[in-house]
Amino acid sequence: MPTTAMVDNSIHVARLTWLEINTQGVVDNFLLAKKIVGENVKVFPVVKADAYGLGALPLSRTLEAAGAPGLCVGLVEEAEELRLGGVKIPLILFAGLTPGTEQHIIDLDLTPFIFNLDAAKALNRLAVALNKKVNCYVKVDTGMGRIGFCRKTFQAAIKEINKMPGLIISGVVSHLACSDEGENGEVTKSQIKKMHELLAIPELAKSNQGFNSLANSGGILYHPQSHMQWVRPGIMLYGASPAYPSHTSMQDGVVGVVRWLSRIIQVAKVPSGTPLGYGHSYTTTKESKIAQIPVGYGDGYSRRLSNKGYVLIEGTKAPIVGRVCMDITAVDVTHIPDAAVGSLVTILGSDGKEQISIEMMADWIGAIPYEVICGLGKRLPRYYPINS
Ligand SMILES: Cc1ncc(COP(=O)(O)O)c(C=O)c1O
């Protein structure tokens, strides 16, 4: 008799829908960012929000192995996952310095953005008590209207931080609000100008280590003046353009990295006039062959795709018919003779000459590419084929 400890009650079946993430594509996009900014500017990939849904730990390991000097996360918990997974390079913490996180920041050896003096004081107190020095970046708001010291409070904040022996100002950072506007974007120009004005205050002369940063993907791709000492690409690493629809990933030279695949689990011939699915929102107008695929809004496949988008089967478009359910979506395969139970379904990515890009999916559901990949469901298995 097996002992209780030996009994494995978990279910081991492969789900018939999954994501394939091309790690080499992420590396190629990282190398593209490096090439654009040149060798004097460091590229710190942004892997917050589970690397925009594509898997923070495997992609962080990949990027560390590809030479990334550090990575950016949003939360202490995200940093913890990476440290537990063996990631050793510096981790920059964007907006995660909140009350109660100080001990974790020190234990996990994180480099936080400072955007609030009380939080800086608390971190400094702990650092001093532990006889440690914590590298940090002072966040300024040059026009994003989000977190950071503004022009009025910046100088006083630096005076205070200069008095905190536990903190080292590695640099000053800010975030671009409109880097997706064209190369001559006025907002970005004004943010770059403000950043330089703020960097010139005398209070920073001695304390700033001078590793300043402003650019996200849009800054990297369209605004060379924003590159400064280090840049923070997110979306371009994951295969979409930050400026879609005015730019596409192909125009930016960014390669796609994610495929979402599935297999048909049922095919049925139905007569003309058959209503399909919840709410009977679609009724066949001729004898039709309807395939069911095991994908739904429980996987992040938006219900807004109901009667709207399509998938690819045998390199042919198969339109979604009826409402997307939580676990199942129906597509019309009347015109695809080989479609059968087990046929491969491409939900995102290419099949033959056809392609469904993240950007197309974003259009279909009235979202932006960021939202499409961040919304990829947790229950979708993610695979990282070596030679994909
Ligand atoms: C502070 C900061 N820097 C960089 C990025 C990366 O932006 P993108 O994905 O547009 O490259 C983000 C993303 O939201 C961010 O919040």
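When Val87 is tested against (1) open to solvent by less than 20 Å² (accessible area, probe 1.4 Å); (2) within 13 Å of the ligand (Cβ to nearest atom); (3) within 19 Å of the chain's Cα centre (by Cα), only condition (2) is not met. Inspection of the stretch 353-372 finds a residue satisfying the criterion of being more than 19 Å from the chain's Cα centre (by Cα), in contact (Cβ under 8 Å) with a residue 24 or more places away in the chain and exposed (fewer than 13 other Cβ atoms within 10 Å of the Cβ).
Against the definition (modelled with pLDDT under 95 and within 16 Å of the ligand (Cβ to nearest atom)), how does Gly234 come out, yes or no? Walk me through it before giving the result.
Numbers: modelled with pLDDT under 95: no; within 16 Å of the ligand (Cβ to nearest atom): yes.
No, not satisfied.
Could you please let me know if Leu71 is away from the ligand (no atom under 16 Å from the Cβ), over 10 Å from the mean Cα position of the chain (by Cα), surrounded by 21 or more Cβ atoms within 10 Å (Cβ to Cβ) and within 23 Å of Phe211 (Cβ to Cβ)? Taking the combined requirement at face value, the residue does not satisfy it.
Condition (residue is open to solvent by 60 Å² or more (accessible area, probe 1.4 Å), within 16 Å of the ligand (Cβ to nearest atom) and more than 26 Å from Arg379 (Cα to Cα)) applied to the stretch 258-278: is it met by at least one residue? Scanning the stretch 258-278 turns up no residue that is open to solvent by 60 Å² or more (accessible area, probe 1.4 Å), within 16 Å of the ligand (Cβ to nearest atom) and more than 26 Å from Arg379 (Cα to Cα). Of the strands (runs of 3 or more DSSP E) lying entirely inside the stretch 313-371, those containing at least 1 residues that are within 14 Å of Ser288 (Cα to Cα) and of a type outside the set (A, V, I, L, M) are 316-319, 329-332.
Quick one: which residue in Thr98, Thr111 is of a type in the set (S, T, N, Q) and more than 21 Å from Ser226 (Cβ to Cβ)? Working first, answer last.
Numbers: Thr111 fails: more than 21 Å from Ser226 (Cβ to Cβ).
Selected residue: Thr98, the only one of Thr98, Thr111 that is of a type in the set (S, T, N, Q) and more than 21 Å from Ser226 (Cβ to Cβ).
Looking at this structure, is Lys308 among the charged types (D, E, K, R), under 25 Å from Val47 (Cα atoms) and assigned to a loop (DSSP other than H, G, I, E, B)? Spelling it out, it is not the case that Lys308 is among the charged types (D, E, K, R), under 25 Å from Val47 (Cα atoms) and assigned to a loop (DSSP other than H, G, I, E, B).
The values are calculated or read from the model by the stated rules, or taken from the named source; none is laboratory data. None of the values given here were measured: they were computed from a predicted structure. Heads up, the Cβs are rebuilt from the backbone with ideal geometry, glycines too, and the neighbour counts pull from every protein chain shown. With ligands, DNA and RNA removed, areas are computed over all heavy atoms of the protein, side chains included. Shrake-Rupley method; radii C 1.70, N 1.55, O 1.52, S 1.80 Å.
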